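First the structure, in the form of structure tokens, and then the observations on it.
The values are calculated or read from the model by the stated rules, or taken from the named source; none is laboratory data. Given the structure is predicted, the values throughout are model-derived calculations rather than measurements. Every residue, glycine as well, gets a Cβ built from its backbone with ideal geometry; the counts of neighbours run over all protein chains shown. These area figures cover heavy atoms from the full protein model, side chains too; ligands, DNA and RNA do not enter into them. Shrake-Rupley method; radii C 1.70, N 1.55, O 1.52, S 1.80 Å.
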There are 2 protein chains.
Amino acid sequence: MRSIAVDMDGVLADVYHQFIDMHLQETGKKLQLKALKGLSERAAFPFLEKHVNSKGFFINAPMVPDSRRVLELLHNQYRVFIVSAATEFPLSLSEKQAWLNRHFPFISWRQMVFCGSKEIIHTDIMIDDHFKNLDHFRGEGYLFTQPHNELSPAGKHKRVDSWRALEKLLL
Amino acid sequence: MRSIAVDMDGVLADVYHQFIDMHLQETGKKLQLKALKGLSERAAFPFLEKHVNSKGFFINAPMVPDSRRVLELLHNQYRVFIVSAATEFPLSLSEKQAWLNRHFPFISWRQMVFCGSKEIIHTDIMIDDHFKNLDHFRGEGYLFTQPHNELSPAGKHKRVDSWRALEKLLL
């Protein structure tokens, strides 16, 4: 059975919508997704540091469309691991685990990895929205489209725009 | 620079002394380390599940002798990652990170990995007290002696009894 490392933020958890909502609460201004293309998340969301260090940010994130259905199908055919950069934001650790338990109950604690860097993660496939995680990965990398990476060439990685696209490629 | 994955419980954190103290509080009986040789941790400590799920268990664990001094030396010569099985006990996540920050301030969040299984961890060297983590590891495995593994042959791994032994072998 092949192994897959699946990222959380920007792949399973729709953090852009969470950032946009929190930016609206903070400033009264509603940011438009299409205006954020090509901007890093820190450039797009000036209050990012404050928000990701706030209680409730991660536990209340919405899910990326189709992620639950397709991840469950993958889980039946691959050894799935959820690999999330979390130690930079210590509050996120328990919220991320609780969020996974709530939305992806078929994923057990054995399949969760919360880390800083992903450079020692070794699986056959990695699905991630950040080049910094995919670039030193030795397996097959899938770049999940998010506004911050949308204008960059995917390079050696396969770009996917949705979980439906992953479904077609991996199942 | 070669990479090392270093376990926490039983390698950096002296969980045996923590278990013995909590067993004493629970039962009034002081267990002797030498009587625990060859017993799994769950067999040695009947209240293990309760204790590892109690607030304060991990944050108050004492350090294994010489671990801080030798780990800092390793940190200067290797890419060090602390890789700890933690997601089985959700309360442990934030306590383990706080414990590392307190006792090993030279280890940054980038070097921390909290997981369930260690099967997708890929480094040159792994230091661990559990066969289940070392047996499917492809690099050089160092088995750190603890009562639960003391009567088992080390097999393909190198047995080390202390951080001083690691210092001699790795530095």
Kindly compute the accessible surface that chains B and A hide from a 1.4 Å probe when together, both sides summed, and give it to the nearest 100 Å².
2100 Å²
How many nanometers, to one decimal and shortest first, lie between the label point of residue A:88 and those of its other copies, if labels sit 7 Å from Cα toward Cβ?
3.0
Using the Cα centre as the reference, give the magnitude of the dipole from point charges on the C-beta atoms of region B:1-81 (Lys, Arg: +1; Asp, Glu: -1; all else neutral), rounded to the nearest 20 debye.
100 debye
For region B:55-171, the dipole about the Cα centre with charges only on Cβ (Lys and Arg +1, Asp and Glu -1), to the nearest 20 debye, works out at 220 debye
Mind jotting down the three principal axis lengths of region A:82-133 based on Cα atoms? Whole angstrom, largest first.
28, 25, 18
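Quote the charge dipole size of the protein assembly as shown about the Cα centre in Debye, to the nearest 20; the model charges only the Cβ of Lys and Arg (+1) and of Asp and Glu (-1).
140 debye
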Let me check I've understood the local charge: for residue A:159, count other residues with C-beta under 12 angstrom from its C-beta, Lys and Arg +1, Asp and Glu -1. What total comes out?
-2
Please list, in order along region B:34-40, the HN-Hα scalar couplings obtained from phi with the Karplus expression 6.51 cos²θ - 1.76 cosθ + 1.60 (θ = phi - 60°), rounded to whole Hz, x for Gly and Pro.
5, 7, 9, 4, x, 8, 4
So what are the three principal axis dimensions of region B:1-159 from its Cα atoms, in whole Å, longest to shortest?
49, 34, 27
Return the ratio Rg/(2.2 N^0.38 Å) for region B:66-171, where Rg is computed over Cα atoms only.
1.06
Largest first, how would A:169, A:71 line up by accessible area (1.4 Å probe)?
A:169, A:71
Pairwise centroid distance, computed over Cα atoms, of region B:25-75 with region A:1-65, Å:
39 Å
Compute the signed sum of charges (Lys and Arg +1, Asp and Glu -1) over the other residues within less than 9 Å, Cβ to Cβ, of residue A:142.
0
Would you mind putting A:28-39, B:12-23 in packing order, based on average other-beta-carbon counts within 10 Å, highest first?
B:12-23, A:28-39
Give the distance, in whole Å, between the Cα centre of region B:115-143 and the Cα centre of region A:107-161.
23 Å
Evaluate 2.2 N^0.38 Å with N set to the residue count of the protein assembly as shown, then give the Cα radius of gyration divided by it.
1.05
In whole percent, what relative contact order does chain B give with Cα contacts below 8 Å and a gap of six or more residues?
30 percent
Please calculate how many Å² of accessible area region A:40-171 carries per residue, with a 1.4 Å probe and no DNA, RNA or ligand atoms counted.
44 Å²
Residue-count net charge about residue B:15 - beta-carbon cut-off 10 Å; Lys, Arg +1, Asp, Glu -1
-4
Once amide H atoms are built 1.01 Å from N in the peptide plane, which residues 5 or more positions from residue B:160, or in another chain, come under 5 Å H to H?
B:143, B:144, B:145
Phi angles of region B:51-63, converted by Karplus (6.51 cos²θ - 1.76 cosθ + 1.60, θ = phi - 60°) into ³J(HN,Hα) in whole Hz with x for Gly and Pro, give 5, 6, 9, 8, 4, x, 4, 7, 5, 9, 5, x, 8
Could you give me D for region A:11-91, from Stokes-Einstein at 20 °C and 1.002 mPa s, where the hydrodynamic radius is the Kirkwood radius over C-alpha pairs? Units µm² s⁻¹, please.
150 µm²/s
Expressed as a whole percentage, what fraction of the accessible surface of chain A belongs to carbon and sulfur atoms when a 1.4 Å probe is rolled over the protein heavy atoms?
52 percent
Using a 10 Å cut-off on Cβ to Cβ distances, tally the other chain neighbours for every residue of A:121-128 and report the average as a whole number.
2
For residue A:115, the residues 5 or more places away or on another chain with a placed amide H closer than 5 Å to its own amide H are A:84, A:85, A:86, A:87, B:114
